[in-house]
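Colleague: Okay, handing you the structure first.
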Amino acid sequence: MYSVKVERHFSSAHNLKGYKGKCEDLHGHNWKVVAVVAANKLDKSGMVMDFKDLKMNLDGILEGLDHTHLNNIPYFRKVNPTSENIAKYIYDKMRAQGVRIASVTVWESHNSSATYCR
């Protein structure tokens, strides 16, 4: 199995619903996102996926999250905008665009992250 990964960043605010503690209040993060694409075989160029294409795909998704209040995005009106759910949201968006996504890891701080994979 081969894999490639890219790291990108975005900034946004959120507040956690049904949570007792500081995170129930509006606060922000400078999120780091790591997307991993995997394949059993390489394409005719010897790649899993061109890094340029992977970055463009991920950037397109993150553009809709950057400098927003995540709770106002329709998906997160129904789903709590936890790091876990943000990772799943990005994963599902990439998969819907035909990317052979293996996992998405979302870092809300330099030492706290959540990963979604199937």
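The values are calculated or read from the model by the stated rules, or taken from the named source; none is laboratory data. The model shown is predicted, which means the values in this text are computed figures rather than measured ones. Backbone-built Cβ (ideal geometry, glycine too); neighbour counts: all protein chains shown.
Colleague: Can you name the residue in the stretch 64-108 that is within 14 Å of the chain's Cα centre (by Cα) and of a type in the set (Ser, Thr, Tyr) and is also surrounded by the fewest Cβ atoms within 10 Å (Cβ to Cβ) among such residues?
Modeller: Applying the filter and picking the extreme gives 75.
Colleague: Moving on. Evaluate the stretch 31-45: report whether one residue or more is surrounded by fewer than 13 Cβ atoms within 10 Å (Cβ to Cβ), within 15 Å of the chain's Cα centre (by Cα) and within 21 Å of residue 58 (Cα to Cα).
Modeller: First, pick out the residues of the stretch 31-45 that are surrounded by fewer than 13 Cβ atoms within 10 Å (Cβ to Cβ): 40-45.
From the residues that got through so far, the ones that are within 15 Å of the chain's Cα centre (by Cα) too are none.
Checked against the condition, which is being surrounded by fewer than 13 Cβ atoms within 10 Å (Cβ to Cβ), within 15 Å of the chain's Cα centre (by Cα) and within 21 Å of residue 58 (Cα to Cα), the stretch 31-45 yields no hits at all.
Colleague: Separate question: Select from the stretch 18-54 the residues that are over 13 Å from residue 3 (Cβ atoms) and in a strand (DSSP E or B) and list them in ascending order.
Modeller: The first filter runs over the stretch 18-54 and keeps only residues over 13 Å from residue 3 (Cβ atoms), leaving 18-33, 43-46, 50, 52-53.
The answer is 27, 28, 29, 30, 31, 32, 33.
Colleague: Answer yes or no: is there a residue in the stretch 69-77 that is β-branched (Val, Ile, Thr) and in a helix (DSSP H, G or I).
Modeller: Of the residues in the stretch 69-77, the ones β-branched (Val, Ile, Thr) are 73.
Narrowing further to those that are in a helix (DSSP H, G or I): none.
No, the stretch 69-77 contains no residue that is β-branched (Val, Ile, Thr) and in a helix (DSSP H, G or I).
Colleague: Also: Would you please list the contacts, defined by Cβ atoms under 6 Å and residues six or more apart or on different chains, that run from a residue in the stretch 4-29 that is within 25 Å of residue 50 (Cα to Cα) to a residue that is among the charged types (D, E, K, R) and at pLDDT 95 or above?
Modeller: If the second residue must be among the charged types (D, E, K, R) and at pLDDT 95 or above, the pairs left are 6/55; 9/32; 10/66.
Colleague: On the basis of being hydrophobic (A, V, I, L, M, F, W, C), surrounded by fewer than 16 Cβ atoms within 10 Å (Cβ to Cβ), more than 21 Å from residue 111 (Cα to Cα) and free of Cβ contacts under 8 Å to residues at least 12 places away in the same chain, does residue 1 make the cut?
Modeller: no
Colleague: Follow-up question, since we're still on this one. With respect to residue 12, is the statement that it is outside any loop (DSSP other than H, G, I, E, B) and either among the polar types (S, T, N, Q) or in contact with a Lys or Arg (Cβ under 7 Å, 6 or more places away or on another chain) (or both) true?
Modeller: Values: outside any loop (DSSP other than H, G, I, E, B): yes; either among the polar types (S, T, N, Q) or in contact with a Lys or Arg (Cβ under 7 Å, 6 or more places away or on another chain) (or both): yes.
So residue 12 fits the description; yes.
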